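Structure, as structure tokens:
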Amino acid sequence: MVDTSNPGIDGLYAQLQGGIEQRLRLALSAGNFGVWDWDIATGVVTWSEEIYRFYKLTPETFNPRLESFVERVHPEDRSHVQEAIENAIENGKPYHVQFRGMRSDDEVIWLEGWGQVVRADGNDQPVGMIGLVQDATTRLRAEEERAQLLKRERDARAEAEAGRQRMSFLTQAFRVLGSSLDLTTTINRLLGLMVPHLGDWATVYLVRDGRIEPMGGRHRDPDKQPILDSLLASVEVDFDSPGGVAEVLNNGA
């Protein structure tokens, strides 16, 4: 406890408090943080000068209230921010939200906010909120760019691997097609290569005398093989059939 009854000590204590506050403000400013508080009864929101700077506003031209703050939130993020505020007040959850803010010149910035509810002594009634907000535009954009670069790298690797697998399959398929003069043997070997390499099931059709004939099929699950065999035997396919085999034969894809 500090005894401030002595005028000299009182003055020194005031200077210490001022120095601590100044250092805190410098630290917050260096980290691109601003301080805010909201009085629920009056609706008045108090911003530190850093927050005005984030939005390119001034105390003379902008009156920060809850509704005017929400208007400065990007329309797609407003419900998200309002839900976070309501959840903090009604359920006592910590307020933490990332959202896009609209500057006075309509430039979009990214902000990240933290806060807690202030409650009245004795009755636990919420009377306001206090918290911090950070201009996270540079950080979040850098994270987004990094995520996009990683995604492009993953996509490129996946595409290269898919190309390698296609080439491997075609090489093996050509070997199978040239390995035997017996059609049934060749088709069975080809089906064995296709399943499960290309999918869980596959069928082979040949065009003979202008007709599309099923030559065989294979399913990865032996219990479902009879169903596939029955389907091939009962469903006729011609060049006018929509989609499927007819479309591949007609269009090559």
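Every read-out reported here was derived from the displayed coordinates using simple, explicitly stated rules and does not represent laboratory data. Keep in mind that this is a model prediction, so the values were computed, not measured. Methodologically, a virtual Cβ is constructed for each residue, glycine included, from the backbone with ideal geometry; neighbour enumeration extends over all protein chains shown.
Determine ³J(HN,Hα), in whole Hz, for all residues of the range 66-78 in sequence, where each value follows from phi through the Karplus function 6.51 cos²θ - 1.76 cosθ + 1.60 and θ = phi - 60°; x replaces Gly and Pro.
Values, residue by residue: 4, 5, 6, 5, 4, 5, 8, 8, 3, x, 6, 10, 4 Hz.
Can you put Trp38, Trp114, Trp47 in order, fewest other beta carbons within 10 Å first?
If I rank by nearby Cβ atoms, fewest first, I get Trp114, Trp47, Trp38.
Want the number for Arg141 to Arg220: 0.36 nm per residue separation, take away the alpha-carbon distance, what's left?
Stretched fully, the Arg141-Arg220 segment lengthens by 23.8 nm.
Explain nothing, just compute: Karplus ³J(HN,Hα) = 6.51 cos²θ - 1.76 cosθ + 1.60, θ = phi - 60°, for every residue of the range 137-153 in order, whole Hz, x for Gly and Pro.
Those phi angles translate into 4, 4, 5, 5, 5, 5, 5, 5, 4, 5, 5, 5, 4, 5, 5, 4, 5 Hz.
Given a Förster distance of 41 angstrom, what is the FRET efficiency for Ala158 paired with Ser230, based on the Cβ-Cβ distance and rounded to 0.05?
It comes to 0.65.
What list do you get for Ile89, Ile51 if you sort them by fewest beta carbons within 10 Å?
Ile89, Ile51
What is the spin-label model distance, in nm, from Glu71 to Arg175 if the labels are put 7 Å beyond Cα along the C-beta direction?
According to this spin-label approximation, the distance is 7.3 nm.
Roughly what would the spin-label model give for Gln148 and Met102, points 7 Å off Cα along C-beta, in nm?
2.3 nm
Over all distinct alpha-carbon pairs, what is the Kirkwood Rh of the range 29-135 in angstrom?
Every distinct Cα pair counted, the radius reaches 14.1 Å.
Scan around Val195 for amide H atoms under 5 Å from its own, H built in the peptide plane at 1.01 Å from N, and keep only partners 5 or more places away or cross-chain.
none
Using θ = phi - 60° and the Karplus curve 6.51 cos²θ - 1.76 cosθ + 1.60, what whole-Hz ³J(HN,Hα) does each residue of the range 99-109 get, with Gly and Pro shown as x?
7, 9, x, 10, 6, 4, 9, 6, 5, 8, 10
Near the amide H of Ile40, under 5 Å away, which other amide H atoms are found, from residues 5 or more places off or on another chain, if H is placed in the peptide plane?
Correct list: Gly128, Met129.
Could you give the length gained on full extension between Glu90 and Ala41, defined as 0.36 nm per residue of separation minus the Cα-Cα distance, in nm?
Taking 0.36 nm per residue and subtracting the Cα distance, the gain is 16.1 nm.
Hey, fewest Cβ within 10 Å first, where do Val237, Val133, Val127 land in order?
Taking fewest neighbouring Cβ atoms as first place, the list is Val127, Val237, Val133.
Shape call for the range 101-253 from the C-alpha gyration tensor, a ≥ b ≥ c root eigenvalues: rounded (a/c under 1.5), prolate (a/b greater than b/c) or oblate?
prolate
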